[in-house]
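Undergrad: Below is a structure I'd like to ask you about.
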Amino acid sequence: MGLASAGDLSAAQAEVDAIAKLGQEGDFANLIAGGVPVKEVLQLAQHVANARIAQANKDTAGAIKHFEAAVAVEDTLAYSEPPYWYYPTRQSLGAVLLLAGDLEKAEEVLRTSLLRLPNNGWALYGLMKVYEQRGDKTNARAAKQLLDKAWMGKTSTLNLARL
């Protein structure tokens, strides 16, 4: 994902290919026996990385497709502390939908993300941006207030492309 955001798309694709190969050839018997959903996590990693590559290529439809697949895989993972995947992929799907101009679906996805992980600053930021684009000042202000309570760092680091 870092390679895609840095614009090194061939290296990013090589990493996606390596993840796929690992999923096919890796010996994860001990992890699987211990209840770790290795294959699913590897699929999730591939979808997220492919979505980031699509974003870097300005392929919004491809990014949406891969983030939707990532969310579907993430939804199959059992609850775990820490979680098997390091961040909630719905926030990324919501951001890409927003960037594509689908405000209604972006709002729905981001609200669902917040139901699953309340006070998630990234999802609150995305929701605030949905309301701002709609011109809904009241809800944008309410989302901003929640974001200010939830976010510990500088909000200047937040942007939709990183969601």
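Undergrad: Quick test for you: out of GLY135, GLY121, pick the one residue that is closer than 23 Å to GLN55 by Cα and either of a type in the set (Gly, Ala, Ser) or touching a Cys at 6+ places or on another chain (Cβ under 8 Å) (or both).
TA: Values: GLY135 fails: closer than 23 Å to GLN55 by Cα.
When all the criteria are applied, what remains is GLY121.
Undergrad: Something else about it: Where in the stretch 41-120 are there helices (runs of 4 or more DSSP H), lying fully within it, with 2 or more residues that are closer than 22 Å to ALA20 by Cα and assigned by TED's automatic domain parsing to the domain that holds ASP17? Talk me through it step by step, then tell me what you get.
TA: On the way: elements: 60-74, 90-99, 103-116.
Those helices (runs of 4 or more DSSP H) span 60-74.
Undergrad: Please pick out the residue among ALA72, ALA11 that is farther than 26 Å from LEU124 by Cβ, exposed (fewer than 14 other Cβ atoms within 10 Å of the Cβ) and either within 13 Å of the chain's Cα centre (by Cα) or of a type outside the set (Asp, Glu) (or both).
TA: On the way: ALA72 fails: farther than 26 Å from LEU124 by Cβ.
Just a single option satisfies the conditions, and that option is ALA11.
Undergrad: A further question on this structure: State yes or no: is VAL96 within 23 Å of ASP59 (Cβ to Cβ), touching a residue at least 40 places away in the same chain (Cβ under 8 Å) and under 12 Å from the mean Cα position of the chain (by Cα)?
TA: Working: within 23 Å of ASP59 (Cβ to Cβ): yes; touching a residue at least 40 places away in the same chain (Cβ under 8 Å): yes; under 12 Å from the mean Cα position of the chain (by Cα): yes.
Yes.
Undergrad: Which of the residues spanning the stretch 14-30 are exposed (fewer than 14 other Cβ atoms within 10 Å of the Cβ), without any contact (Cβ under 8 Å) to a residue 12 or more places away in the chain and farther than 17 Å from ALA54 by Cα?
TA: ALA18, LYS21, GLN24, GLU25, ASP27, ALA29, ASN30, listed by residue number.
Undergrad: Run down LYS39, LYS65, LYS21 and say which single residue is among the basic types (Lys, Arg) and within 24 Å of VAL130 (Cα to Cα).
TA: Exactly one of LYS39, LYS65, LYS21 is among the basic types (Lys, Arg) and within 24 Å of VAL130 (Cα to Cα), namely LYS65.
The values are calculated or read from the model by the stated rules, or taken from the named source; none is laboratory data. Given the structure is predicted, the values throughout are model-derived calculations rather than measurements. All Cβ positions, glycine included, derive from the backbone under ideal geometry; neighbour counts span all protein chains shown.
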